[in-house]
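S.K.: Have a look at the structure that comes next, please.
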2 protein chains.
Amino acid sequence: MNDTFFTRRSIRKYAGKEVDNGLLERILTAGTRSSTTGNMQVYSIIVTRDQEMKRRLAPAHFNQPMVTEAPVVLTFCADFNRFNTWCRQREAEPGYDNFLSFMTAAIDALLVAQTVCNAAEEEGLGICYLGTVTYNADQIIDILELPKGVVPVATVTLGWPASVPEQPDRLPLEAVVHHERYHDFSPELIDDLYAAKEARDDSRQFIAENNKQTLAQVFTDVRYKKEDNEFFSSRFLKVIKNQGFSL
Amino acid sequence: MNDTFFTRRSIRKYAGKEVDNGLLERILTAGTRSSTTGNMQVYSIIVTRDQEMKRRLAPAHFNQPMVTEAPVVLTFCADFNRFNTWCRQREAEPGYDNFLSFMTAAIDALLVAQTVCNAAEEEGLGICYLGTVTYNADQIIDILELPKGVVPVATVTLGWPASVPEQPDRLPLEAVVHHERYHDFSPELIDDLYAAKEARDDSRQFIAENNKQTLAQVFTDVRYKKEDNEFFSSRFLKVIKNQGFSL
């Protein structure tokens with residue numbers, strides 16, 4: 001398999017060079033070959049190239065500079081709108097206004113998103129996912145004019161790398177792979193699996209910068225806090241309902 | 001980029017040949033290089049090779065023959081269990097018992113799943129996603145002994161293709177790609193976008209076999225019915241809550 005599977009890392013700084021329309025189309029076409037439930041293709045991809053549109057999207061992504069600096073921003077959406085429109089035009093009554101259908105469409109969208117990213121990286125492009133898409137989906141819906149039945153689930157910035165940062169660490173494979181049955185984690189195993197991560201200079205720096213005792217506390221108390229999660233949780237649930245998927 | 005992005009199709013019939021452990025490990029390692037929120041890696045992969053375990057999983061997947069016939073079945077899970085265990089062991093109080101955290105973990109799991117599939121296909125392996133995983137997640141949780149904090153979101157069968165079926169159709173790119181803003185679909189555009197699909201022999205056969213008037217009715221009245229969607233919807237929501245993510 002292609003080396004980029006192993007050497008890749010997210011790219012947050014992009015060179016000025018444009019992404020050619022033909023290349024973008026090839027990458028998106030590769031995406032459309034991904035598996036999709038029942039070949040319904042219940043997803044859509046919004047391509048943002050216009051600088052004014054990027055400027056409008058930026059606050060929804062907490063003004064992360066990639067949004068305005070990347071030549072292309074892609075927003076992948078769970079989308080039953082097109083499918084439902086087709087059904088109604090063909091004397092068929094769609095029953096996709098429920099949470100399972102939202103998940104089905106979100107899964108379609110995410111598999112396409114990742115194929116687009118893998119294909120882009122094999123061409124030498126760099127990508128970065130923006131987790132903010134689920135936080136501020138309501139704002140993104142307004143800006144991109146997404147109708148009922150459409151919910152954004154992944155935003156990716158795309159462009160030629162200006163510089164290639166160090167590859168981030170990953171936990172050992174046994175932290176994420178279980179054979180036959182889930183093996184729960186003993187305190188000793190947790191210590192082993194996280195030892196290398198906790199020993200890294202950047203981890204120690206994170207702890208010091210944030211005045212914390214442990215790396216885990218940087219996550220729970222600073223980066224991904226309970227109150228923020230709960231705030232964005234209820235907002236995203238409201239978006240799902242507003243877009244026509246009942247819970 | 002690799003040709004398989006364009007030539008791939010799901011594989012449902014597998015040759016007897018085993019998938020080598022080393023190869024499987026390389027493919028899974030490629031998966032772990034996928035983007036993950038905050039590098040938390042809040043996912044897990046359950047590898048099923050044991051014939052008895054496949055036999056037990058089969059009913060949860062409506063006895064689709066791929067489950068017992070494929071040499072490998074992979075279940076990708078949204079997983080905050082390991083991360084929460086680590087946090088608690090490091091004097092950090094995790095606040096990930098909410099819907100947003102479930103979505104964050106599901107996104108991690110789905111991006112990894114798709115990279116694993118893309119990498120496998122570049123090695124000549126065939127894959128098939130089983131949508132049944134979200135329908136019967138409760139049974140899968142029991143069989144694979146998934147603890148609180150873990151929810152299966154994708155199941156993939158993996159093996160060497162016994163035969164390569166015809167590649168299924170896809171809608172034209174303009175059905176799924178929108179530039180700058182979502183363009184809603186006029187009746188004429190819907191007719192255009194679905195014309196080739198509706199003209200296919202297999203589509204006509206589907207309609208005839210199911211005694212329907214339109215292809216869309218095959219989806220709404222036979223394959224993905226409102227009452228089934230609603231039944232599995234409430235079941236999956238219950239699973240998410242039972243596994244510790246409040247709504």
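Laboratory data are not the source of any read-out in this text; all were calculated from the coordinates shown. This structure is a prediction, so every number in the text was calculated from the model and none was measured. Cβ sites come from the backbone with ideal geometry, for glycine too, and all protein chains shown count toward neighbours.
S.K.: Quick one: Karplus J couplings for segment B:175-183, per residue in order, coefficients 6.51, -1.76, 1.60, θ = phi - 60°, nearest Hz, x for Gly and Pro?
M.R.: 6, 10, 9, 10, 9, 6, 9, 5, 9
S.K.: When only Cα pairs under 8 Å and 6 or more residues apart are kept, what is the percent relative contact order across chain A?
M.R.: Numbers: 342 pairs, mean separation 65.6, N = 247.
In percent, rounded to a whole number, it is 27.
S.K.: Further question: Tell me, B:Cys77, A:Cys87 in order of fewest to most beta-carbon neighbours within 10 Å? Mind dumping the intermediate values first?
M.R.: Values: B:Cys77 32, A:Cys87 22.
Ordered by Cβ neighbours within 10 Å, fewest first: A:Cys87, B:Cys77.
S.K.: Let me confirm one metric for peptide A:199-211, namely the mean number of other chain beta-carbon atoms within 10 Å of its residues' beta-carbons. Mind showing how you got there, number by number?
M.R.: Working: counts 0, 0, 0, 0, 0, 0, 0, 0, 0, 0, 0, 0, 0.
Taking the mean over all residues of the peptide, I get 0.
S.K.: Which distances, in nm and shortest first, link the A:Asp138 label point to the same label point in every other copy, taking 7 Å along Cα→Cβ?
M.R.: The projected label point of A:Asp138 is separated from its counterparts by 3.3 nm.
S.K.: Provide an ascending nm list, one decimal, of label-point separations from A:Arg49 to the equivalent residue in each further copy; define each label point as 7 Å from Cα along Cα→Cβ.
M.R.: Going from nearest to farthest copy, the values are 4.7 nm.
S.K.: May I pose another question? 5 Å is the cut-off here: which amide hydrogens, built 1.01 Å from N in the peptide plane, fall below it relative to B:Trp160, excluding neighbours closer than 5 in sequence?
M.R.: B:Ala15, B:Gly126
S.K.: Something else: Given q = 0.20 Å⁻¹, what are the Debye log10 I(q)/I(0) values for segment A:60-112, with equal point scatterers placed on the Cα positions and solvent ignored?
M.R.: -0.79
S.K.: Share of Cα-Cα pairs in segment A:164-247 beyond 22 Å, in percent?
M.R.: Numbers: 1817 of 3486 pairs.
Roughly 52 percent, once rounded to a whole number.
S.K.: Mind checking A:218-225 for the average number of partner chain beta-carbons within 10 Å of each residue's beta-carbon?
M.R.: Details: counts 2, 11, 11, 3, 0, 3, 11, 1.
Shielding by partners across A:218-225 averages 5.
S.K.: Same structure again: If you take the square roots of the eigenvalues of the alpha-carbon gyration tensor of segment A:36-88 and sort them as a ≥ b ≥ c, do you get rounded (a/c under 1.5), prolate (a/b over b/c) or oblate? Each step should come with its number before you reach the end.
M.R.: Working: a/c = 3.13, a/b = 2.78, b/c = 1.13.
Verdict is prolate for segment A:36-88.
S.K.: Between copies, how far apart are the A:Ser186 label points? List them in nm, one decimal, shortest first, with each point 7 Å from Cα toward Cβ, please?
M.R.: So the distances to the same position in the other copies read 6.9 nm.
S.K.: How long is segment B:4-166 along each principal axis, judged by its Cα atoms, biggest number first, in Å?
M.R.: Principal axes ranked by extent give 53, 31, 26 Å for the Cα atoms.
S.K.: Mind sorting A:Val177, B:Val112, A:Val133, B:Val164 by how few other Cβ atoms lie within 10 Å of their own Cβ, fewest first? Please list the in-between numbers first.
M.R.: On the way: A:Val177 19, B:Val112 27, A:Val133 23, B:Val164 12.
In order of increasing Cβ crowding within 10 Å: B:Val164, A:Val177, A:Val133, B:Val112.
S.K.: Taking H as built 1.01 Å from N, whose amide H comes closer than 5 Å to the amide H of B:Tyr43, not counting residues under 5 places away?
M.R.: Close amide H contacts, sequence-distant or interchain: B:Asp79.
S.K.: Here is a further query. Among all helices in chain A defined by DSSP H, which have a length of 27 Å or more along the axis from Cα atoms plus a Kyte-Doolittle mean of at least -1.0?
M.R.: Working: long enough: A:99-122 (34 Å, 1.06).
Within chain A the helices that satisfy the rule are A:99-122.
S.K.: If the viscosity is 1.567 mPa s and the temperature 4 °C, what translational diffusion coefficient in µm²/s does Stokes-Einstein give for segment A:1-100 when Rh comes from Kirkwood over Cα pairs? Numbers along the way, then the final one.
M.R.: Working: Rh = 16.6 Å.
Using the Kirkwood radius from Cα pairs, D works out to 78 µm²/s.
S.K.: Using the Karplus curve 6.51 cos²θ - 1.76 cosθ + 1.60 with θ = phi - 60°, what ³J(HN,Hα) values do you get for each residue of segment B:159-164, in whole Hz, with x for Gly and Pro?
M.R.: x, 7, x, 7, 8, 10
S.K.: Which shape class applies to the protein assembly as shown: rounded if a/c is under 1.5, otherwise prolate when a/b exceeds b/c and oblate if not, where a ≥ b ≥ c are the square roots of the Cα gyration tensor eigenvalues? Intermediate values should be presented prior to the final figure.
M.R.: On the way: a/c = 1.42, a/b = 1.19, b/c = 1.19.
Rounded is the answer for the protein assembly as shown, as its axis ratio a/c remains below 1.5.
S.K.: Using R₀ = 51 Å, calculate the FRET efficiency as 1/(1 + (r/R₀)^6) where r is the Cβ-Cβ separation of A:Lys225 and B:Ala162; round to 0.05. Present the calculation step by step, with values, prior to reporting the outcome.
M.R.: Values: r = 51 Å, r/R0 = 0.99.
That gives a FRET efficiency of 0.50.
S.K.: Between segment B:62-134 and segment A:67-84, how far is it from one alpha carbon centroid to the other, in angstrom?
M.R.: 23 Å
S.K.: Treat the count of other C-beta atoms within 10 Å as a stand-in for reagent exposure and order A:Ser163, A:Ser101 from fewest to most. Can you show the working numbers first?
M.R.: On the way: A:Ser163 10, A:Ser101 29.
In order of increasing Cβ crowding within 10 Å: A:Ser163, A:Ser101.
S.K.: Just order A:211-218, B:123-130 by mean Cβ neighbour count inside 10 Å, highest at the front, would you?
M.R.: Details: A:211-218: 17.8, B:123-130: 20.6.
Highest mean packing first, the order is B:123-130, A:211-218.
S.K.: Now a separate question. So what is the calculated 222 nm ellipticity per residue for chain A, using -39500 (n - 2.57) for each DSSP H run with n of 4 or more, over all residues, to the nearest 500 deg cm²/dmol? Spell out each step's value before the answer.
M.R.: Working: 12 runs with 115 residues, N = 247.
Calculated from helices alone, the mean residue ellipticity at 222 nm is -13500 deg cm²/dmol.
S.K.: How many partner chain Cβ atoms sit within 10 Å of a residue's Cβ in peptide A:188-194, on average, as a whole number? Can you show the working numbers first?
M.R.: Numbers: counts 0, 2, 7, 3, 0, 3, 5.
Mean shielding by partner chains, rounded to a whole number: 3.
S.K.: Turning to a different aspect of this structure: Would you list, by chain and number, the aspartates and glutamates whose Cα falls below 12 Å from the Cα of B:Lys241, excluding same-chain residues fewer than 8 positions away?
M.R.: Candidates past the 8-residue exclusion: B:Asp97, B:Asp138.
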